[in-house]
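S.K.: Just dropping this structure here.
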Amino acid sequence: MNRCGAILSRAIIMLAGLGLFAVPACAQRPTDRQLRGKASEDSAALILRYARSARFDTAEGAGDRQRLLVGNCTGADSMCHLGPLVRIEPRLWYDGWDRSGPDSGEVIARIISNGPYRSGHGGDPAYKFNLLGADTVYWWVGAAEGRRPVSVFVSSRPGVRPFVSDLTMDAHEPGHWRQPLSRWIWVESDEEAWGTCDGRRCCRSSGLALAAAR
């Protein structure tokens, strides 16, 4: 039985004892197949509804929390400083987490920031991870048109468009990851997001918008 089915069964048992009956809403997983061809606003709404029904691991060590770097700290003319305090929390174990499904597309983490996060790259700094301000952003991974793997960062703030970014997947032996995890990964210019996609793959993203999505 999947998580929604288990929730439904427990709810029915409890409400039956009170002489009441109700069916709790369980959002359907937004796979890449379901999102393909939809407008970006419609895709974001589906991902956000699903993500808000999911549970995330807030335990120390499962996720990560730090002030993210803004600017480039390398070179003679380097200029950088610490930016917002940002937490990244992995999605808790869900039905099918330990295996790669035939239809990809899953929310793997949420990102909680106390302020905007801008990259210091070049003369046109851009927001990273769709963090335009204090916000909770959900990280969806899957395949876009042409089956290219992508990250989609969906903001909880009304009116903010979904943010399409790069996605790198690394495969491991089945069962390599025994629990979902997420981390900030330091690179010379700033940080990348890292998380377990499932029990045999991990995902990384720079959080910068793809050229095709600008």
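S.K.: Identify, please: which residue in the stretch 184-196 is over 12 Å from the mean Cα position of the chain (by Cα) and of a type outside the set (A, V, I, L, M) and is, among those, nearest to residue 166 (Cα to Cα)?
M.R.: 192
S.K.: Step by step: first the residues of the stretch 135-175, then only those that are part of a strand (DSSP E or B) and among the acidic types (Asp, Glu), then the one that is surrounded by the fewest Cβ atoms within 10 Å (Cβ to Cβ). Which residue is that?
M.R.: Result: 170.
S.K.: For residues in the stretch 97-114 being in a loop (DSSP other than H, G, I, E, B) and either open to solvent by 40 Å² or more (accessible area, probe 1.4 Å) or farther than 21 Å from residue 48 by Cβ (or both), which is modelled with the lowest pLDDT?
M.R.: In this case the residue turns out to be 102.
S.K.: Being of a type in the set (A, V, I, L, M), farther than 16 Å from residue 131 by Cα and at pLDDT below 85 is the filter here; which residues of the stretch 162-212 pass it?
M.R.: 171, 187, 211, 212
S.K.: Right, here's the next one. Take residue 178 and decide whether it is open to solvent by 70 Å² or more (accessible area, probe 1.4 Å) and under 22 Å from residue 92 (Cβ atoms).
M.R.: Yes; evaluated as a whole, the condition is true for this residue.
S.K.: Restricting attention to the stretch 30-63, report how many residues are part of a loop (DSSP other than H, G, I, E, B) and either surrounded by fewer than 20 Cβ atoms within 10 Å (Cβ to Cβ) or modelled with pLDDT of 90 or more (or both).
M.R.: Looking only at that region, the number is 14.
S.K.: Taking only the stretch 195-214 into account, find how many residues are open to solvent by 30 Å² or more (accessible area, probe 1.4 Å), closer than 18 Å to residue 93 by Cβ and in contact with a Lys or Arg (Cβ under 9 Å, 6 or more places away or on another chain).
M.R.: Selection size over the stretch 195-214: 1.
S.K.: If you don't mind, another one. Exactly one condition in (1) assigned to a strand (DSSP E or B); (2) modelled with pLDDT under 80; (3) of a type in the set (A, V, I, L, M) is false for residue 16; which is it?
M.R.: (1)
S.K.: I would also like to ask the following. Would you check which residues across the stretch 64-87 are of a type in the set (A, V, I, L, M, F, W, C), surrounded by fewer than 19 Cβ atoms within 10 Å (Cβ to Cβ) and at pLDDT 90 or above and list them?
M.R.: If the condition is that a residue be of a type in the set (A, V, I, L, M, F, W, C), surrounded by fewer than 19 Cβ atoms within 10 Å (Cβ to Cβ) and at pLDDT 90 or above, then 85 is the only one that fits.
The values are calculated or read from the model by the stated rules, or taken from the named source; none is laboratory data. What you see is a predicted model, and the numbers here were worked out from it, not measured in a lab. Quick reminder, even Gly has a Cβ in these numbers, built from the backbone with ideal geometry, and neighbours come from all protein chains shown. With ligands, DNA and RNA removed, areas are computed over all heavy atoms of the protein, side chains included. Shrake-Rupley method; radii C 1.70, N 1.55, O 1.52, S 1.80 Å.
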